[in-house]
Amino acid sequence: MSILLDILTTAAILYVVAAGLMIIFGVMKIINFAHGGFLTVGGYSTLIGTMIGLNVWSVLLMAFGTGFFFGLLIERFVVRPLYSRPLDAILATWGLGIILGQVITIVFGREVQVVPSPISGASELFGVSYSQYRLILVIAALIIAGGLTLLLGKTRLGLETRAVIMNETLARALGINSSLVRLITFSLGAALASLAGALITPLSSVDPNMGVPWLINAFMLVMVSGVSFMSLAIACLVLGGAQVLVSTYANPVLGGMTIAVLAALMLRLRPKGFARE
Amino acid sequence: MNNSNSFFRDDRKSLFIATAMAIILVGVAPYFLDAYLVNVLIRAFLYAAVALTVDILWGYTGILTFGQSAFFGIGAYSAGLIFTHMGFSTANAIVAIAVGVGVAVAVAGIVGSLAFYHGASNLYGSVVTLVLPIIVTQIIFSGGNFTGSSSGLSAFQSFDFSMELWFWISGLFLILLTFSTWIFVRSDAGSVLVAIRENESRCEYLGINVSYVKICLLMSSAVIAAIAGYAFASAQMVVAPEYAGFVFGTELLTWVALGGRGTLIGPVIGTLGIDVSTSYLSGNLPFVWKLILGIIFVLVIVAMPRGMAPLFMRRSRRAQGDLMDKKNPVRIDRVASTVFEDSKVNAIELRGVRKHFGSLKVLEDITLNVRPGELVSLVGPNGAGKTTLIRCISDGNERSSGSVLINGHDIGNRPPYECVAFGIGRKFQMANTFEALTVVESLRIARTRLHRPSFADRAEFLELPDAAAKVIVATGLDKELDTETRNLSHGQKQALELAMVLALEPSVLLLDEPTAGLTSLERNVIGQILTELATVHRLCVVLVEHDLDFVRQISSRVIVLHQGKIVLDGTVEQVVESELVRTIYSGGAQSIGGHS
């Protein structure tokens, strides 16, 4: 039973971490290698927020806002000139990740810092006692998925975004301000990454490179998911589940590369991955 | 005869002089530099050798690779592991280098065939090269005491060489490597790499097995990186998982990008400069220096995609082309176009070819034979399936069902380059050329299938079959031989692509609107050339054309496609008089029968 909960919560964490990367890739066809840096930004926002005594909601809001702000700046000055050079955008955003990491190191030092979890302890579920915080992350993942689906499906911005995803040239010709859509998408992706960083902070600790290990897994999950929140959820469950199984029954080190290897093989056999179309 | 390529020789001369100077510099440097700098430079030389392979893969061929660090790590660990566990001896040193190179080649072969399968996207290739260093580091981590896990291996015995000797070895290795890659990228074979970067599908349709070239390239790069790793471990007597890792792989990319991708010298200078300055400055400005590097890197990628090298290079490639032009134009060597024998076999044979996208049927049950010597025009309104049909004939993976035989060979699921081997030559609807290559280079790429290009030299002549040479002359391209394709007009690009396809000497010529963008004079010449190829040289020519006057002038047979079906197949007269065609074309019927 506990392994099933492990799979579920791992998938939820992966979903939370990968969602921001996916909306940027989906709309802009750009892989944001600064994603790890944004996760770290979120981690440190939590650190500051907790230190000055904000409540949980304000801390999360602050992480989201900080990410959004950095996203705005970076999209405008770095990513926008690289629309037509997607491979260069990978490199430039990787450089941005380095910059974010170094600035954080200079300001906060390179030490590992621990942020106390707002919720600790375990709760009884299906007869096993399980970390409450990990269970809450499942709810957080559901809220994020629901929020994004509503945003994309029910709002004017969502409609314009979907138009840009399908055919950017046509969308522009129809008077949609695709630069604005891209700006908001990138900032939202950065904000979600930062929020994810805040959410995973209580599980680990905060250090200037905390985001990098997450980047590859998030990237691989996005590669196999296409542009659908549903297929991302399936990918997180299947590949995250495989990771949990390999780590539990074989070897945690092998578990660390399960997602990357399976995703690469899967793309070879089925280039669309988990996406239906 | 020899002076016809004297510019290339001049270029060679300065290369030899530069190389000799570099060797002398490396020879005397240890006597003037302090021990710390000598030690740092040994490492920097070896890093630069790996950066050079990244430049070949990424800068020249367009493969964004994060994985060269993995091969460096494989070379380093084969030395570290064997010297730690078996002790150091000359025999073991030889075993270690053999194992390192062998494993690197095998891994590169596997990774390459996974990453560069036919039809793989560039992004997928990068994804695979990203996974490779992750796997290698995880394997090192899981090796426990055997691999030293996260702390690596150190203090093993190694060659009893002085620092100076290692300096000379690694310096000479880097110089000779730069020298030979410089020769290679400027050879005819080297321009194939740029052609792949510029336009992979055009390469495939010129009969080049792109996957094979990329895999070979990755394997050679792996050998160089593994040797560098081996030398690194032997000289520094330390190995750690970081040297095989993804972060190091990305650092290599940043050095290449800063130095100037696709310039060879740029990445070498970039790597040496950054690695040396980092080892001095990271002590004084620990985090600030890395921050500055990050900022410079982002600025260079955004604002100077060519890197720093062009700022310092007096003569750009462009300028060299102009020089070459004035001094000695490349001579075109006309050879007679092949005359194909009239065999009993059909040139094209289609049996029940269908193509559908989901429920949308684009082609339905096309059955058709075309004989050598026929000049067939495919006409029909937009969306009739003409281009799709051409695609199905030239690429085995395109059709949904049915079979296609070219000169009696079933194309099965073969990729385009294998169909080219059966005799196909295809011109695309949109001009499909290599933007960064000159006219001569492009035409030479088209000849690589027939003449294996030199890896060390440039041919002095451009051998062209008569038909291709006529197209070149008729459209004035013979005066633009050293112009980069990106600077040609649309019509000239069309003509160049046609000439490239003709240079392949195909027996089955598939042309999708070959004369769009040409003047009526040029169009007439091309019409004559095509007619001659069909009647005299017995080629089978299939033409998609909207200009129905042109169709009437040159075709021996016209096939009308409508909604994915052949609705009429006959002579020009039959089609012109057909009531059916008038209805299909409605307004367009005037233009087909307008002059009769």
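Just so you know, all these numbers are worked out from the coordinates, no wet-lab data involved. Values in this document were obtained by computation on a predicted structure and should not be read as measured data. Cβ coordinates were reconstructed from backbone atoms using ideal geometry, including for glycine residues, and neighbour counts include every protein chain displayed.
How large is ³J(HN,Hα) for each residue in segment B:382-389, as worked out from phi by the Karplus curve 6.51 cos²θ - 1.76 cosθ + 1.60 (θ = phi - 60°), to whole Hz, x for Gly and Pro?
Taking θ as phi minus 60°, the curve returns 4, x, 6, x, 5, 5, 4, 5 Hz for segment B:382-389.
Between the helical axis of B:90-115 and the dominant principal axis of chain B, each derived from Cα atoms, what acute angle in degrees is found, rounded to the nearest 10?
30
Against the longest alpha carbon principal axis of chain B, how many degrees, from 0 to 90 and to the nearest 10, is the axis of helix B:520-535 turned?
The angle comes out at about 90 degrees.
Find how much the distance from B:Leu25 to B:Asp547 grows on full extension, using 0.36 nm per residue of separation minus their present alpha carbon separation; answer in nm with one decimal.
181.4 nm
What chymotrypsin sites (Phe, Trp or Tyr not before Pro) does segment B:154-187 have in DSSP loop regions with at most 14 other beta carbons within 10 Å?
Taking segment B:154-187 and a limit of 14 other Cβ atoms within 10 Å, the loop chymotrypsin sites (Phe, Trp or Tyr not before Pro) found are B:Phe161.
Hey, what do the phi angles of segment B:221-231 turn into as Karplus ³J(HN,Hα) couplings, whole Hz, using 6.51/-1.76/1.60 and θ = phi - 60°, x for Gly and Pro?
Coupling constants for segment B:221-231: 5, 5, 4, 5, 5, 5, 4, 4, x, 4, 5 Hz.
Determine Rg/Rh for the protein assembly as shown; Rg is computed over alpha-carbon atoms and Rh is the Kirkwood hydrodynamic estimate from the same atoms.
Taking Rg over the Kirkwood Rh, I get 1.01.
Under a crude label model (7 Å from the Cα following the beta-carbon direction), how far is B:Val276 from B:Asp410 in nanometres?
My value for the distance between the label points is 6.4 nm.
Excluding residues fewer than 8 places away in the same chain, name every one of the aspartates and glutamates whose C-alpha is closer than 18 Å to that of B:Lys214.
Straight-line reach from B:Lys214, under 18 Å: B:Asp55, B:Asp188, B:Glu198, B:Glu200, B:Glu204, B:Glu418.
State the extension gain, in nm to one decimal, for the chain segment bounded by B:Leu15 and B:Ser556, taking 0.36 nm per residue of separation less the distance between their alpha-carbons.
Stretched out fully, the B:Leu15 to B:Ser556 stretch lengthens by 189.2 nm.
Would you work out if segment A:31-137 is rounded, prolate or oblate? Take a ≥ b ≥ c from the square roots of the eigenvalues of the alpha-carbon gyration tensor; rounded if a/c is under 1.5, else prolate when a/b is larger than b/c, oblate otherwise.
prolate
Taking the Cα centre as origin and putting +1 on Lys and Arg beta-carbons and -1 on Asp and Glu beta-carbons, what dipole magnitude results for segment A:153-213, to the nearest 20 debye?
300
Only sites in a loop by DSSP and with at most 12 other Cβ atoms within 10 Å count here; which GluC sites (Glu not before Pro) in segment A:97-204 make the cut?
A:Glu111
Stretched out fully, how many nm does the piece from A:Leu54 to A:Gln132 gain, at 0.36 nm a residue minus the Cα gap?
Net length gain for the segment: 26.0 nm.
Does anything in segment B:551-565 have its amide N under 17 Å from the 7 Å Cα→Cβ label point of B:Gln528, and if so which residues?
B:553-555
Spelling out what I want: for every residue of segment A:226-243, take phi, set θ = phi - 60°, compute 6.51 cos²θ - 1.76 cosθ + 1.60 (Karplus), and round to whole Hz; glycine and proline get x.
x, 10, 10, 5, 5, 5, 5, 4, 5, 4, 5, 5, 5, 6, x, x, 4, 4
Quick check on my link table: of B:Lys427/B:Lys470; B:Lys386/B:Lys470; B:Lys355/B:Lys386; B:Lys386/B:Lys565; B:Lys355/B:Lys565, which ones sit more than 20 Å apart, alpha carbon to alpha carbon?
B:Lys386/B:Lys470, as the Cα separations exceed 20 Å there.
In nanometres, what is the gap between the two model label sites at B:Asn369 and A:Ser2, each 7 Å from Cα along Cα-to-Cβ?
Once both label points are built, they end up 7.5 nm from each other.
Along Cα→Cβ, 7 Å out, is where each label goes; now give me the distance between the ones at B:Leu172 and B:Thr519 in nm to one decimal.
6.1
Let me check I've understood the local charge: for B:Thr278, count other residues with C-beta under 11 angstrom from its C-beta, Lys and Arg +1, Asp and Glu -1. What total comes out?
So the surrounding residues net to 0.
For a Förster distance of 45 Å, can you work out the FRET efficiency between the beta-carbons of B:Asn284 and B:Ser142, rounded to the nearest 0.05?
The calculated FRET efficiency here is 0.75.
In Å and on Cα atoms, what radius of gyration and Dmax does chain B show?
Computed over the Cα atoms of chain B, radius of gyration and Dmax are 28.5, 92 Å.
To the nearest 10 degrees, how steep is helix B:163-185 against the longest Cα principal axis of chain B, on a 0 to 90 scale?
Its long axis makes an angle of about 10 degrees.
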